[in-house]
Each structure stands twice: as structure tokens, then as C-alpha cells.
């Protein structure tokens, strides 16, 4: 099966929302979709690791050629991909590539005005055929058009201290993420960054620019909008925790923080316990691949836990879900291979796709009668699951149906919840 056929099959099985999911790449690999395109696997892994799955989903739905062209340029500038190869990969998603295919890989300084040369005397300015410009400083920091106001990435793998240029307004999601040349099963950010200084001109920080920066020990913020407290970068205007860069085993979230942002704690290897206080929302991927996290007790203040929020947390043994939660989202506990105890309250009405996939250690689980929908492969790979209690609406389904749809194993006993 070739790449575009495999993507169409997965979309047909799971819906278009699967395009947002970084696990799409492993699903494509399972279908052997990369046989004739060995470069595509690594390219797609880097695209999804840098948070571009949502954008691919948006473009798939909008089919806007101009936006596709801009996206192609952004990926080229950010990740350094060969534009022809990138075009082939994105074409497999049925994106309109006619205009995007005309983009040029390299840049040059032709067309750069004398005014720009004066304004950006500390930067090298490149203009591309599509009219976009990038600005590169002597440390390998890449800034985007217009007027170098958006800090895109730091390409220097060895730099320890970096000051983001004054005049910068936006720091992009994953700006300090440097994926390895070869993708490994466990993602490792290759950045050596230890200290980052953020200027007072910054007004927006997208998700977590520092995820997986294992050596980062200090963020200096000369800004009233953002503060650093207890190794946490916090947006004071929205009370949103953007990034945690500590190396201790416990994180204490301030009581006035109401949101934990996407990827805020992801890839932290030392964190074992989290004091949530009065958090209301835990966004998608917030704690994914926190390999040392042991126990999660979500407080009743939490109303929403996003997709894959705790995915890949291989040391979690116990999870408490409060009755303030009404939905267990896609993949939220997938890959929690040490999980043995979870209590699902009767306020839950739906369980998402692959919600408990590869939870290899729990022996028994009870799904309350309040649940009316269980997503595809919710219990796929739960090798130790021997007993499952399902809501009465599933009582007439055959064991084979349950195996094929919610993913229970063939030796799991099924009972009805009363």
C-alpha cells in the first residue's frame, strides 16, 4: 500500500481528526506505507514532533492553495527539508500542491531593500521565490517575515545561552526543538540550550517552545506579561502555564494557574509528582512521555483533559479521574504501560479512540453505564486485561465485535455493568 492510499484508509477508519495525531506516523508504518519512500517516515515524524499535525488537518479541510504554499515555506525554513521531497509527502495528504510546488529551496539576498539592510544589520536576510523572507542571526537563530518579528527556531545544536532578539513579538511552538537526524523510538531533543533570555517586546509564546530541552535550567523574562515561577514559564494575562523546565521530582503549580498548556511538561524525565492545585484545563499532550511520572490525582477543579495528555507516561501506576470530567479523550492514557489502577466515574459519557491503548498492566476495568460511546481500539494492546465490565448498551455485542472495535484481547472476559 502506498503512502496516499494508506492515509486515505486511516482517514476512512478514524475520521479526519486523525490527521492532528502525531501517532499517525506509526499507523502508516504499520501499513508499510513507507516502503518506496524511505525519506517520508523521518520527514513526517519531524513534522508531527514539531506540532504541525493540526495545521495539516486544517489544510486538508480547507484545500487552500495559498495556505499550502505558505505552509510549505514554513516547513522548509523551520526544518530545512528539501522542498521537492516535502512536496511529495504533503501531496499524499491530497493537499493542492500546484502553487506550492513552485517554491524554491534556497534563498538569496536579492530584492532585500537598503532599509531592510539597515534595520536588520545584525541579521542575514533571505528572500524566496514565493515572497517570504527569513532573517538569520550569527548564532543560527531564524526569524520570520514580516520584519523579523517571529522567532522561528534556533538551528545551532551546541549553543548554551541565547538571547532572543529585541523586537521579536512571537516565539513559535517548538522553537528550541532540534530533532535527531535519525528518528528513534524515544524522542530526544538535540538542543544543548541552558539559558534563554526573552525580551520585553514578546507578546505571544505558542505552546511550549522548549519541550524536551533537557539541559535548560534558566529562562530570563524581561517582560510583564510572562513570569518564571518555580521553573515554570507562565502567561500572567491568561494564567496559563506554558512550559516547565525543572529537573526535580515534584512540581507545585501555583493556585492561580487555570490552564496547563499543550506540551507544557512533555518529555520531562525527572518529574514524579505534580500538585495541580486549582487547575481547570489540562491541554492535549501536556504531560506526554514524562517517563518518571508515577501517580496522577486530578483535582475536581479540572473540567477537561486533552487528547494524549498523559500518553507515554510509562511509570504511572495509578490515576484518579474526578467526576468533574465528562469525556476521556483520544489516546489520553495510551502507552501508560505500568498503569494498574484507574477509577472511571459515572459522569463519563464517552471514551476516545485508543484512550487506553498499550496499557499493558491493568488486569480489570469497569466502564460505568453512563458511557454511551467507546472509540476504536480504546483497549488495543492491553495484554494483561482479563476482565472488563461494559455498559448495558454493549451487552448484545459479540466478543469478536468487541475485539475488532474496542480492541479487547481474545481471552478477556466481558461482563455487564449494573
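Here are a few things to note about the model shown:
- Count of region 25-39 residues which are in a helix (DSSP H, G or I), buried (at least 21 other Cβ atoms within 10 Å of the Cβ) and touching a residue at least 24 places away in the same chain (Cβ under 8 Å): 1
- Taking the numbered list (1) at pLDDT 95 or above; (2) out of contact with any strand residue (DSSP E or B) (no Cβ under 6 Å at 6 or more places or on another chain) in turn, residue 246 passes all entries but (1).
- Residue in region 276-295 that is more than 23 Å from residue 344 (Cβ to Cβ) and touching a strand residue (DSSP E or B) at 6+ places or on another chain (Cβ under 9 Å) present: yes
- All positions within region 182-206 that are modelled with pLDDT under 80, out of contact with any helix residue (DSSP H, G or I) (no Cβ under 8 Å at 6 or more places or on another chain) and either outside any loop (DSSP other than H, G, I, E, B) or surrounded by fewer than 22 Cβ atoms within 10 Å (Cβ to Cβ) (or both): 184, 185, 186, 188, 190
- Meets criteria (modelled with pLDDT of 80 or more, in a helix (DSSP H, G or I) and either crowded, with 20+ Cβ neighbours inside 10 Å or touching a strand residue (DSSP E or B) at 6+ places or on another chain (Cβ under 6 Å) (or both)) for residue 72: yes
- Among the residues of region 212-270, those that are in a strand (DSSP E or B) and under 18 Å from residue 310 (Cβ atoms) comprise 241, 243, 244, 250, 251, 259, 260.
- Those residues of region 392-416 which are surrounded by 13 or more Cβ atoms within 10 Å (Cβ to Cβ) and either modelled with pLDDT of 95 or more or under 11 Å from residue 364 (Cα atoms) (or both), in sequence order: 412, 414
- Of all the listed residues (54, 83), the sole one being modelled with pLDDT under 80, in contact with a helix residue (DSSP H, G or I) (Cβ under 7 Å, 6 or more places away or on another chain) and surrounded by fewer than 21 Cβ atoms within 10 Å (Cβ to Cβ) is 83.
- Of the residues in region 353-373, at least one is in contact with a helix residue (DSSP H, G or I) (Cβ under 7 Å, 6 or more places away or on another chain) and either over 22 Å from residue 281 (Cβ atoms) or free of Cβ contacts under 8 Å to residues at least 12 places away in the same chain (or both).
The values are calculated or read from the model by the stated rules, or taken from the named source; none is laboratory data. Treat the numbers as computed from the prediction; the structure is a model and nothing was measured. Positions of Cβ are backbone-derived with ideal geometry, glycine not excepted, and every protein chain shown enters the neighbour counts.
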